[in-house]
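The values are calculated or read from the model by the stated rules, or taken from the named source; none is laboratory data. For clarity, every value in this text was computed on a predicted model and none was experimentally measured. Virtual Cβ from ideal backbone geometry, glycine too; neighbours counted across all protein chains shown. Calculation scope for accessible area: heavy atoms of the full protein, side chains included, ligands and nucleic acids excluded. Shrake-Rupley method; radii C 1.70, N 1.55, O 1.52, S 1.80 Å.
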Amino acid sequence: MRGHVTDGSSGVSRAPLQEACLFTVCPYLEQKGTMSVVKLEEWRQRIRKELDNAVAFWLKYSHDTTHGGFFTCIGRDGKVYDELKYVWLQGRQVWMYCRLYRTMERFRKPEILEAAKAGGAFLRKFARVSSSSGQWKCAFCLTRDGKALKIQRTIFSECFYIMAMDELSRVTGDKDMQLEAEQMMEQLIYWVRVDSSGLGRPQLPGDVPTNSMAVPMMLLCLVEQLTEGRARDVAQKYRELASWCVQQILQHIQRDGTAILESVSLEGAELPGCQGRLQNPGHALEAGWFLLQVSAEQEDEELRRTAINKFVELPYQDGWDKEHGGLFYFLDVDGHCPTQLEWNMKLWWPHCEALIAFLMAYSQTKKPELLERFSEVYEYTLNHFPDPESGEWFGYLTQEGKVALDFKGGPFKGFFHVPRCLYMCERMLDDLLAKKD
């Protein structure tokens, strides 16, 4: 069990939770053990309002009607402060618009569909750049009019290109987009599992290959996207890949099951130094609900238990700031001060992932302690991140919970984590309330 750790420079104190104190009695349960419908409805109404506000903000301020695509560097008041366009955020916004349009009646509006189609056209025209090997690589950053400015040696721009094309194909019926998504998926699989040289990253002698949790997580997310509602042969095509992704993610359970580490060796062993000790609670929580989705689809109770115990509860226990509330961005498993300068800040997206993870875990198990955790994260998140004056959410808070950066969008924050969280939580609350009727 990890001992009490204090970082001298920040005064952050982290003490291990005793097993007997992990859960408290959920105040939202009635005496007979059934949930308060009033509290569920209260949560649903607030989440619904926040989702409507987020959609309205991005519809109003982010559309580039001159060159197509979306502005993502948007200040607190909606003014664009940089015209650069980040491909992964373009893809995320197309995906989010399409998912809302396809699955929620109140968002089935022409302006949302047309914005998604315009964003998809911008991506198809400008995002892909050919590499020296003849493979298609997506740019990371474009100028306003679509000229490639920067390419990353990773797979993530391509991942969100795939998500955008597949979801857009579902609302437009364009089979070419679906085929394009599947073709790029095959290229990603090749880069990840066969030969990564197409990414353009030089093979340096000291650079030991690692299993970074983000890679199997994203591939698993793409499998879910490409197979949802499709014929059995499509699911069968990706079945082995999905199993591989799950096993790769499970390798990140380290220290005899007491920690989730962000990167491990290809063999699943702990890496030396800061890289090996790094923890990202938000990322682990996101992996947790990815695994919960798989466990539900496959009716795998063992995977469900592992997802909840190791990827939902454990990151929350380690990552929650006992003094100020909220989730730390990064941690060092041995209690050293992480080298990431923003390690003790409270960012929007880990809290979004925690809300999804705990509500999904509760929905699948009906264990009251999981709803208590959801409630705690909900109260912190909804009291600190939303901007009641200008709409949408702030993304970056100090450790004490004060706004550190007041813009609503940037190179890493766009129309994705906030609306995806609110959308998923609203739908889960819909289901829970329907079962109470």
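Checking each residue of segment 294-309 against the condition of being farther than 25 Å from Gln225 by Cα, charged (D, E, K, R) and surrounded by fewer than 19 Cβ atoms within 10 Å (Cβ to Cβ) gives no match. So which residues in segment 192-220 are open to solvent by less than 30 Å² (accessible area, probe 1.4 Å), of a type outside the set (Gly, Ala, Ser) and within 21 Å of Gly268 (Cβ to Cβ), if there are any at all? Correct list: Asn211, Met213, Pro216, Met217, Met218, Leu219, Leu220. Any residue at all in segment 269-280 that is assigned to a helix (DSSP H, G or I), modelled with pLDDT of 95 or more and under 20 Å from Trp244 (Cα atoms)? Taking every residue of segment 269-280 in turn, none turns out to be assigned to a helix (DSSP H, G or I), modelled with pLDDT of 95 or more and under 20 Å from Trp244 (Cα atoms).
Tell me yes or no: at least one residue of segment 334-349 is assigned to a helix (DSSP H, G or I), modelled with pLDDT of 95 or more and open to solvent by less than 20 Å² (accessible area, probe 1.4 Å). The answer is yes, given that some residue of segment 334-349 is assigned to a helix (DSSP H, G or I), modelled with pLDDT of 95 or more and open to solvent by less than 20 Å² (accessible area, probe 1.4 Å).
Filtering segment 394-437 to residues that are within 14 Å of the chain's Cα centre (by Cα), of a type outside the set (Ser, Thr, Tyr) and assigned to a helix (DSSP H, G or I) leaves His417, Val418, Pro419, Arg420, Cys421, Leu422, Met424, Cys425. Among residues belonging to segment 245-268 that are touching a helix residue (DSSP H, G or I) at 6+ places or on another chain (Cβ under 6 Å) and outside any helix (DSSP H, G or I), point out the one that is surrounded by the most Cβ atoms within 10 Å (Cβ to Cβ). Looking at residues that are touching a helix residue (DSSP H, G or I) at 6+ places or on another chain (Cβ under 6 Å) and outside any helix (DSSP H, G or I), I get Ile260. Mind listing whichever residues of segment 372-408 are of a type outside the set (Lys, Arg) and surrounded by 23 or more Cβ atoms within 10 Å (Cβ to Cβ)? Result: Phe374, Val377, Thr381, Phe385, Glu392, Trp393, Gly395. Within segment 224-245, is there a residue that is without any contact (Cβ under 8 Å) to a residue 60 or more places away in the chain and touching a strand residue (DSSP E or B) at 6+ places or on another chain (Cβ under 9 Å)? The answer is no; no qualifying residue exists. Scanning segment 221-244 for residues that are of a type in the set (Ser, Thr, Tyr) and open to solvent by less than 10 Å² (accessible area, probe 1.4 Å) returns a single hit, Tyr238.
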